[in-house]
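Enquirer: What follows is a single structure, and I will ask about it in a moment.
Read the figures in this text as sums done on the coordinates, not as results from a lab. What you see is a predicted model; the values in this text were computed from it and never measured. With ideal geometry, Cβ positions are generated from the backbone for all residues, glycine too; neighbour counts draw on all protein chains shown.
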Amino acid sequence: MKQAAAVIVLFLVLAPARAAATAPESAGAILKKVDENRVTGNKVILSEMTIHGRRFSRTVRARSWIQGTEKSFSEYLEPPRERGTKMLKLGDQLWTYYPASDRVILIAGHMLRQSVMGSDLSYEDMLEDPTLHDSQQGAVSGEETLLGRPCWVLDLRALREDAAYPSRRLWVDRERYTVMREDRFARSGRLLKTAVVESVRRFGDRWLPDRVRFKDALKEGEGTVFAILEIQFDAAIPGAVFSKAALKK
Amino acid sequence: MITLRLALRNILGTGIRAWLNAFIISIALVASSWNQGVVAGMDEQAARAARDLEYGGGQYWQESYDPYDPLTLEEAHSPLPEELRRLVNEGKATAVLMMQGSIYPQGRMRSILLKGIDPRQHVLDFPTSALSAAGAGLPALIGGRFARAVDLARGDTVTLRWREPGGAFNAEDATIVHVMQTTLAAIDNNQAWLPLDRLQEMARLPGAATLVVLAPGTAPLSAPPGWVFRDPDFLLRDLRELVKTKSVGRVVLLVIFLSLGMLAIFDTQVLAIFRRRREIGTLVALGFTRGQVVRLFTLEGALHGVLAVLLGAAWGLPLLWLQARLGFAVPPGTEDMGISIGERIYPAYGAGYILGVAVLSLAVTTVVSLLPSRRIARLKPTDALRGRAS
């Protein structure tokens with residue numbers, strides 16, 4: 001869950017408010033600004049993920065310690081049955097710890113495709129490199145207004161042939177360079193996943209999406225809502241946090 | 001000969017008691033034969049269905065393919081070698097490509113197996129020709145069980161999602177062009193059949209296959225490098241094992257019924273020897289040796305077995321024949337028990353088995369009759385004449 005927080009934070013641009021003096025010349029330039037505006041330092045996030053199922057919804061709360069885009073550690077706080085579950089991401093590897101079985105499990109292979117806590121996010125989504133300018137190319141295809149904010153619409157294509165999502169469309173705030181919405185497509189052009197920012201909040205001197213709805217576009221339902229409750233930038237995080245030993249503590 | 005005549009007269013003289021004993025043994029014979037016929041019938045039907053619908057005359061597997069490990073499917077494909085392609089072109093074999101995917105019926109996600117097969121093939125006996133339907137976009141053929149499970153019907157459109165070998169997602173809408181009713185869960189549960197060339201295109205694996213099914217009756221070639229040939233015996237091994245476990249029940253039933261019959265005969269023999277002591281003494285006094293008297297009583301007991309066989313044949317054979325002709329309906333809910341059964345089971349009786357059971361019951365009856373009869377050898381003729389046991 002906290003892992004999901006990290007992902008959201010990363011790929012939805014936790015960018016500081018920054019006015020764009022002029023319109024960027026290209027999608028590449030916009031993506032570079034989006035990436036530059038990402039917070040790459042340490043941060044600690046308290047977040048909530050509400051997973052809407054067919055019959056009921058449930059909310060999972062977690063605290064996450066994040067260092068750049070490579071390291072993150074999350075601990076689930078609520079509900080009681082998930083309390084103590086932990087996740088560690090180091091680069092492209094992901095481990096989970098379940099207190100009930102007292103075991104650390106490496107999430108690999110087909111397990112990466114499984115849903116995180118029954119949400120609309122997969123472990124694989126969580127491991128995706130959030131850097132856009134060196135993994136996507138495309139063009140500005142239009143302008144739209146989302147949540148009252150003027151946005152560039154970018155149609156992007158993955159540079160790597162084996163990228164999970166061959167193409168995607170981004171709505172980027174023209175002034176704050178935050179991603180306000182992201183649609184991910186299959187090679188056929190079929191919409192597979194969406195991430196829609198539902199609110200943006202100012203944390204200190206930064207504007208961040210604090211409520212995002214993720215949805216598997218092929219499934220019915222209300223998707224999964226991720227909300228940031230608290231965020232602390234430039235937090236001092238001991239290196240030992242990002243170790244497998246920390247999972248069992 | 002005189003012993004046989006005497007034995008026959010004696011046993012018929014006991015009246016209803018002899019016929020009751022014989023009837024109980026005949027139940028054991030008929031019930032056991034029926035049970036064996038049902039198991040054999042199921043085995044035969046399942047093997048025929050597997051041969052006609054899935055295995056054909058054997059299969060060539062791409063060397064990475066393991067049907068028990070779906071994770072191997074990602075790697076279990078390669079272009080058809082020249083020898084196999086020739087067989088396919090001659091209509092003596094058909095290629096199947098498999099990959100994992102997801103289906104989204106009614107907005108729910110479900111993992112399935114996507115299987116590609118040539119719509120024009122005639123090697124396997126299921127309606128792949130439906131996949132040639134024009135104007136269907138991406139045509140899909142599914143089985144009745146799966147259709148019920150995901151609430152899909154002919155003409156419905158459903159989204160399929162899969163991953164290309166590199167990892168990229170792809171998705172497309174498929175139209176259900178046919179829902180086939182089949183007894184074989186292996187071509188039905190959690191899978192959708194698509195035209196082979198379309199699946200190869202979707203998977204970006206032109207000309208590739210996971211396995212090649214040989215037409216029944218076609219002599220197998222030696223497996224090309226990278227492929228393994230699995231003959232029908234290998235492919236049916238699991239089914240045979242399953243049937244073998246079910247056969248245990250058959251043996252238990254036979255033992256129970258035979259034990260009941262043998263108990264009755266044993267009791268009858270013990271009682272007869274006790275009540276006929278004077279007769280035994282008289283026979284010995286008239287010149288019968290003890291051995292002859294033992295043989296007489298043993299023969300009387302064994303004749304119960306003969307009567308049982310005759311009685312069983314009289315009422316059992318017509319019944320078994322009728323069952324084999326008409327079969328009997330399979331109760332709902334048994335279709336997923338792990339063996340492919342049709343809507344009706346037609347028992348298949350083996351003459352060898354029926355004869356074997358008959359001979360066994362005769363042998364056991366004789367032994368059971370002999371055990372109490374041995375006491376006669378210890379009787380003193382004078383005591384026997386007085387009606388006293390030694």
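Enquirer: Taking springs between alpha-carbon atoms closer than 10 angstrom, which of B:L379, B:L97, B:L73 fluctuates most in the Gaussian network model of chain B?
Expert: Highest fluctuation among the options: B:L379.
Enquirer: Once you keep just the Cα pairs under 8 angstrom separated by 6 or more residues, what percentage relative contact order results for the range B:58-230?
Expert: Relative contact order, the range B:58-230: 35 percent.
Enquirer: At what distance in angstrom do the alpha carbon centres of the range B:228-303 and the range B:89-115 lie from each other?
Expert: Here the answer is 54 Å between Cα centres.
Enquirer: Exposure proxy check: A:H133, B:H122 ranked by fewest other beta carbons within 10 Å?
Expert: Starting with the residue having the fewest Cβ neighbours, the order is B:H122, A:H133.
Enquirer: R0 = 45 Å: FRET efficiency of B:L253 with B:Q106, Cβ-based, nearest 0.05?
Expert: Efficiency at R0 = 45 Å is approximately 0.45.
Enquirer: Once you put a point 7 Å from the Cα of B:E83 and another 7 Å from the Cα of B:R275, both along the Cβ direction, what distance in nm separates them?
Expert: In this crude label model, B:E83 to B:R275 measures out at 7.6 nm.
Enquirer: Counting only C-alpha contacts under 8 Å and six or more residues apart, can you give the relative contact order of chain A as a whole percent?
Expert: It comes to 24 percent, rounded to a whole number.
Enquirer: On a C-alpha basis, how far is the centre of the range A:123-164 from the centre of the range B:145-181 in Å? Whole number, if you could?
Expert: With the range A:123-164 and the range B:145-181 each reduced to a Cα centre, they are spaced 29 Å.
Enquirer: Okay, moving on. Which lysines, if any, have their Cα less than 28 Å from the Cα of A:K43, not counting same-chain residues under 8 positions apart?
Expert: Of all the lysines, those that pass the test against A:K43 - Cα under 28 Å, at least 8 places apart if same chain - are A:K2, A:K32, A:K33, A:K71, A:K86, A:K89, A:K193, A:K215, A:K244, A:K248, A:K249.
Enquirer: Please compute, for peptide A:158-170, the average count of beta-carbon atoms on other protein chains lying within 10 Å of each residue's beta-carbon.
Expert: Taking the mean over all residues of the peptide, I get 3.
Enquirer: Then there's this: For B:S259, A:S74, what ranking results if the residue with the fewest other Cβ atoms within 10 Å of its Cβ goes first?
Expert: Starting with the residue having the fewest Cβ neighbours, the order is B:S259, A:S74.
Enquirer: Between B:D383 and B:L310, what FRET efficiency follows from the Cβ-Cβ distance if R0 is 35 Å, with the result rounded to 0.05?
Expert: 0.40
Enquirer: Between beta-carbons, use under 14 Å as the cut-off and find the net charge around B:L53, counting Lys and Arg +1, Asp and Glu -1.
Expert: 0
Enquirer: Quick one: net charge around B:G137, please, counting Lys, Arg +1 and Asp, Glu -1 for every other residue with C-beta under 15 Å from its C-beta.
Expert: -2
Enquirer: So, one more: How far is helix A:27-36 tilted off the main Cα axis of chain A, in degrees rounded to 10, range 0 to 90?
Expert: Once rounded, one gets 40 degrees.
Enquirer: Grab the beta carbon distance between A:L112 and B:N189, set R0 = 30 Å, and tell me the FRET efficiency rounded to 0.05.
Expert: It comes out at approximately 0.75.
Enquirer: While we're on this one: Classify the range B:1-138: rounded, prolate or oblate, from the alpha-carbon gyration tensor (a ≥ b ≥ c, eigenvalue square roots; a/c under 1.5 rounded; otherwise prolate if a/b is larger than b/c)?
Expert: Prolate, because a/c is 1.5 or more and a/b exceeds b/c.
Enquirer: May I ask for the distance between the Cα centers of the range B:204-227 and the range A:70-108, given as a whole number of Å?
Expert: Between the Cα centres of the range B:204-227 and the range A:70-108 lies a distance of 45 Å.
Enquirer: Could you put B:L311, B:L160 in order, starting from the residue whose Cβ has the fewest other Cβ atoms within 10 Å?
Expert: So the residues, fewest neighbours to most, are B:L311, B:L160.
Enquirer: Another question about this same structure. So what's the net charge close to B:A40: Lys and Arg +1, Asp and Glu -1, counting the other residues with Cβ under 14 Å from its Cβ?
Expert: Result for the neighbourhood of B:A40: +3.
Enquirer: Chymotrypsin sites (Phe, Trp or Tyr not before Pro) within the range A:44-102: which are DSSP loop residues with at most 11 other Cβ atoms inside 10 Å?
Expert: When the chymotrypsin sites (Phe, Trp or Tyr not before Pro) of the range A:44-102 are filtered for loop state and at most 11 Cβ neighbours within 10 Å, A:F56 remain.
Enquirer: Across the residues of A:184-192, average count of Cβ atoms on other protein chains within 10 Å?
Expert: 5
Enquirer: Also, I was wondering about something else. Once both labels are modelled 7 Å past Cα along the beta-carbon direction, what's the A:S141-A:Q93 spacing in nm?
Expert: Inter-label distance under the simple model: 3.9 nm.
Enquirer: Once you average over the residues of B:167-177, how many Cβ atoms of partner chains fall within 10 Å of each Cβ?
Expert: Neighbouring Cβ atoms belonging to other protein chains average 5 per residue here.
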